1. Would you call residue 136 more than 16 Å from the chain's Cα centre (by Cα), surrounded by 13 or more Cβ atoms within 10 Å (Cβ to Cβ) and farther than 24 Å from residue 49 by Cα?
2. I need the strands (runs of 3 or more DSSP E) fully contained in segment 121-170, keeping only those with at least 2 residues that are without any contact (Cβ under 8 Å) to a residue 60 or more places away in the chain.
3. Can you tell me which residue is surrounded by the fewest Cβ atoms within 10 Å (Cβ to Cβ) among those in segment 139-159 that are closer than 28 Å to residue 112 by Cα and within 16 Å of the chain's Cα centre (by Cα)?
4. Give me the residue from segment 103-120 that is touching a residue at least 12 places away in the same chain (Cβ under 8 Å) and within 22 Å of residue 42 (Cβ to Cβ) and, out of that set, surrounded by the most Cβ atoms within 10 Å (Cβ to Cβ).
5. Given 67, 63, which one is outside any strand (DSSP E or B) and in contact (Cβ under 8 Å) with a residue 24 or more places away in the chain?
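Quick note: the coordinates plus some simple rules give every number you see, no bench work behind them. Everything quoted here is computed from the prediction, not taken from an experiment. In this analysis, Cβ positions are derived from the backbone assuming ideal geometry, glycine residues included, and neighbour counts consider all displayed protein chains.
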């Protein structure tokens, strides 16, 4: 009897060890697959009470170490269906490590002429991804700063949840 009990105990330990290894392997695989090595920077600027003041720009900072690779930059704006306009104007100010700045204006449609929301979403939340720049090279190594300000007539723009940016390798 004692020999049999020892064998069951040993088999239970082996089973537990196999399950532990399986769980650890699965967790490692999930972590490895979730890391997107092509993304240099991803940031999201959340707005209070779904209101965006033109005096409160979305601010992002990231470091570029590779001036030879090309990148894509995309913006994303999440609005509610309470957003009062079909479009949005954005001013994007990029500050280079040397202090040089470049300003771009983006005009994007958030709804079509019939009022159908563009982008994706559910309920009252809509997310619109806006390709901003593609195949761009950062000419200087160092820290870049990007500010995004809305350029609408209202000083405080209602119905905007957040503003995001993603810089990824092409």
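1. yes
2. Hits in segment 121-170: 125-137.
3. Applying the filter and picking the extreme gives 147.
4. Here the answer is 110.
5. 67
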